[in-house]
């Protein structure tokens with residue numbers, strides 16, 4: 001069983017304001033460095049616990065044309081310090097809520113990508129009625145520490 005870092009537990013317990021400061025001090029990751037990586041994440045807002053999505057796994061890969069994409073895997077909601085156990089099983093994890101990955105772009109007209117990688121669920125190939133498309137795009141600007149992504153901030157359109 002993999003253990004979580006003390007830094008992860010510290011971040012998971014911080015307030016929104018404290019997390020905003022950590023986020024602002026970080027820098028966007030290189031999209032190519034994300035490929036093949038599975039990020040074990042934690043949605044800090046308490047409402048995420050009610051929806052059963054507080055803990056999650058986010059995987060990054062290249063599609064057949066070589067474009068960066070990703071998807072989500074649901075996990076057991078067993079507390080922040082416990083192992084991320086894919087659902088329905090480790091052998092056959094569910095993959096859903098696909099997204100296109102776009103690098104940070106300081107010249108992007110909408111400002112969402114100036115200092116952050118964009119995970120665009122609207123262009124992930126999800127069905128029109130899929131909740132991932134309804135939620136919209138997600139802005140990620142992870143904090144890197146020992147090649148582990150420790151923080152992301154969710155924004156809605």
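The values are calculated or read from the model by the stated rules, or taken from the named source; none is laboratory data. All values derive from a computational prediction rather than experimental measurement. When we count neighbours, we look across all protein chains shown, and the Cβ atoms used for this are built from the backbone with ideal geometry, even at glycine.
One table, with the values for the structure above:
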read-out: Residue 106 vs. criteria part of a loop (DSSP other than H, G, I, E, B) and over 23 Å from residue 124 (Cα atoms); value: no
read-out: The stretch 21-61: number of residues that are under 18 Å from residue 113 (Cβ atoms) and part of a helix (DSSP H, G or I); value: 6
read-out: Residue count for the stretch 5-20, restricted to those that are out of contact with any strand residue (DSSP E or B) (no Cβ under 8 Å at 6 or more places or on another chain), more than 23 Å from residue 115 (Cβ to Cβ) and either in a loop (DSSP other than H, G, I, E, B) or free of Cβ contacts under 8 Å to residues at least 60 places away in the same chain (or both); value: 2
read-out: Test: residue in the stretch 113-123 that is more than 15 Å from the chain's Cα centre (by Cα), touching a residue at least 40 places away in the same chain (Cβ under 8 Å) and loosely packed, with under 14 Cβ neighbours inside 10 Å; value: no
read-out: Where a residue in the stretch 94-106 is on the phi > 0 side of the Ramachandran plot and its partner, wherever it lies, is buried (at least 18 other Cβ atoms within 10 Å of the Cβ) and in a strand (DSSP E or B), with Cβ under 8 Å and at least six apart; value: 97/71; 97/72
read-out: Residue in the stretch 1-28 that is nearest to residue 85 (Cα to Cα), counting only those that are loosely packed, with under 10 Cβ neighbours inside 10 Å and at pLDDT 85 or above; value: 6
read-out: Verdict on residue 85 being surrounded by fewer than 19 Cβ atoms within 10 Å (Cβ to Cβ), within 17 Å of the chain's Cα centre (by Cα), closer than 24 Å to residue 10 by Cβ and at pLDDT 90 or above; value: yes
